[in-house]
Amino acid sequence: VACRLHAEPLSLFPAQPDWFHLSGCNQPPTAPTWFHPYLYSPQDTLFRHLLLDHKLVIADVKLIANLPRYMVYWKGRLLEQPVTDFCSVIKTNSTGPVEKQEDYFVLCDVLPEDRILRERLQQERLEEVLEQQQKERDDCCFHRLCLFCSEEFTGNRASLLNHMARDHSFSIGLPDNIVYCNEFLDTLQCKLDKLQCLYCEKMFRDKTTLKDHMRKKAHRRINANNHEYDRFYVINYLELGKTWEDVQSEDDQDLIDDEDDDWSDWQAHPLSAVCLFCDHQSETMDQIYTHMKDSHGFDLHKLKMKLNLKFYQQVKLVNFIRRHIHQGCCYGCQEKFDSRADMLNHIVSEGHVMKLPQMSTWDQPQYYFPTYENDALLCTLSDSNEGEGDDMCPSEDIPVIAEDISNLRVLKPNSFLNQPEKQMFQ
């Protein structure tokens, strides 16, 4: 009879479990270590006892929804009937002397009774999880601070989760897909309190460095490969022995196998960052910075290092220059021109390309707002003081990530400056 065994080393512990016991225990004989189905868990002591004292192996233990109930059920059944009525028998050292041969018994879901038991336990656990999820949906006593700011939320958990996704770009999924939400948030808060990145799980020396790292590296998300989070998602309880990755891969395979979907006429539009001075577009930060330096003599990195600009100061500087160019005004001396060509000629001839006014002129809150909606150039900015050499200059051909930016002509109609003044400041 075929069954799934985990070829993992046996972890031996000195104590025996006190809640489950089979009679007739003898001194543990020597046993091969590759039978053990579960590694490094609190139940290792129990499985060691079953293996060494009773030659019994339970297959796929990790897929059993309620192990204590499973064990109690089979304890009763094995006291009623011989173990050979339920288990496959595996003989060790089958080619050696008879006195060195041993029989081991494997209990697995190849046996219909075992399969039905596992499925029933899985169904009961799913019902418990769904009941808990419904309680959390209806709960109006939720009270918690945001993980990333001091804003306080009461009422329903969805308000906090939506706030973190909207205002901090941190999404752990839709509220209706999550269960044991408070425990989930406690787990995340504990990691942040230990100055640990939630995605790469590296440790940092202070909160400021951690915050900058998670923002710059786009690590404001959880690590999907960390199975510590699996218990907080309802999808992991839906099917016996399947995680969210298994379910998702099946859905993806269904899409691949669906021959009715024809994507042959679909074309991807590259996402581009637009030059501050002209209509030139580039798909990588290295290209756009090189273009502005070679074609216009503007070196944003030089200004950043010279003025020791933080991230938000760079944002305001780019928006300040972008707005003045849009309005046909020299950002160096504030002189206005009738055409962009005249203005650009003036900036070059007067040497105003790298000339900036006093910082108080452009380091203003109004320049937090981009001149063009979804300005991809802002996505290429980074801090100058994080101690990572690969972030100090745009030497890598890193793609620009943005939304719906195809050309400058598309951006101009959506300009913040084209809105009536009353609407701009409402």
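The values are calculated or read from the model by the stated rules, or taken from the named source; none is laboratory data. Just so it is clear, the model here is predicted, and its values are computed rather than measured. Note that each Cβ is placed from the backbone with ideal geometry, even for glycine, and that neighbours are counted across all protein chains shown. Side chains are part of the model used for accessible areas, which takes the heavy atoms of the whole protein and leaves out ligands, DNA and RNA. Shrake-Rupley method; radii C 1.70, N 1.55, O 1.52, S 1.80 Å.
Let me check against my output: what whole-number percent is the relative contact order of the range 139-247, with C-alpha pairs under 8 Å and at least 6 apart?
Result for the range 139-247 is 19 percent.
If you plug the beta carbon distance of T209 and Q81 into 1/(1 + (r/R0)^6) with R0 = 60 Å, you get a FRET efficiency near 0.45.
How large is the translational diffusion coefficient of the range 277-321 in µm² per second when you combine the Kirkwood radius over alpha carbon pairs with Stokes-Einstein at 37 °C and 0.692 mPa s?
292 µm²/s
Of the listed residues M71, M354, the order by accessible area with a 1.4 Å probe, largest first, is M354, M71.
Qualifying GluC sites (Glu not before Pro) in the range 160-237, where qualification requires a DSSP coil assignment and no more than 14 other C-beta atoms within 10 Å, comprise E201. Computed from point charges on the beta carbon alone (+1 for Lys and Arg, -1 for Asp and Glu), the dipole magnitude for the range 139-247 about its Cα centre is near 600 Debye. Within the assembled protein chains, the solvent-accessible surface assigned to T45 is about 30 Å², based on a 1.4 Å probe. Is the shape of the range 43-111 best called rounded, prolate or oblate, per the rule: a/c under 1.5 gives rounded, else a/b larger than b/c gives prolate, else oblate, with a ≥ b ≥ c the square roots of the Cα gyration tensor eigenvalues? Taking the square roots of the gyration eigenvalues as a ≥ b ≥ c, the range 43-111 is prolate.
Computed with a 1.4 Å probe over protein heavy atoms only, the accessible surface of the range 43-111 comes to 46 Å² per residue.
Quote the charge dipole size of the range 273-367 about the Cα centre in Debye, to the nearest 20; the model charges only the Cβ of Lys and Arg (+1) and of Asp and Glu (-1). Intermediate results must be reported in sequence, preceding the final value.
Working: 11 positive and 10 negative charges, 83 e Å.
The dipole of the range 273-367 has a size of about 400 debye.
For F142, the residues whose amide H sits under 5 Å from its own are G155, ignoring neighbours fewer than 5 places away on the same chain, with H placed 1.01 Å from N. Residues of the range 306-336 with an amide N closer than 17 Å to a point placed 7 Å from the Cα of V353 along the Cα-to-Cβ direction: 321-322, 325, 330-333.
Heavy-atom accessible surface of K100, to the nearest 10 Å², is about 130 Å², with a 1.4 Å probe and all protein chains retained.
Quick one: check the C-alpha center-to-center distance for the range 122-150 versus the range 290-320, whole angstrom. Cα centroid of the range 122-150 versus Cα centroid of the range 290-320: 46 Å apart. Using a 1.4 Å probe on the protein chains only, how many percent of the accessible area of the range 65-146 belongs to carbon and sulfur? Carbon and sulfur atoms account for 53 percent of the accessible area of the range 65-146.
Accessible area per residue of the range 303-369 at 1.4 Å probe, in Å²? Display every interim value, and only then the final one.
Values: 3430 Å² over 67 residues.
Value for the range 303-369: 51 Å² per residue.
Dividing the mean sequence gap of close Cα pairs (under 8 Å, 6+ apart) by how many residues the range 43-111 holds gives a relative contact order of 37 percent.
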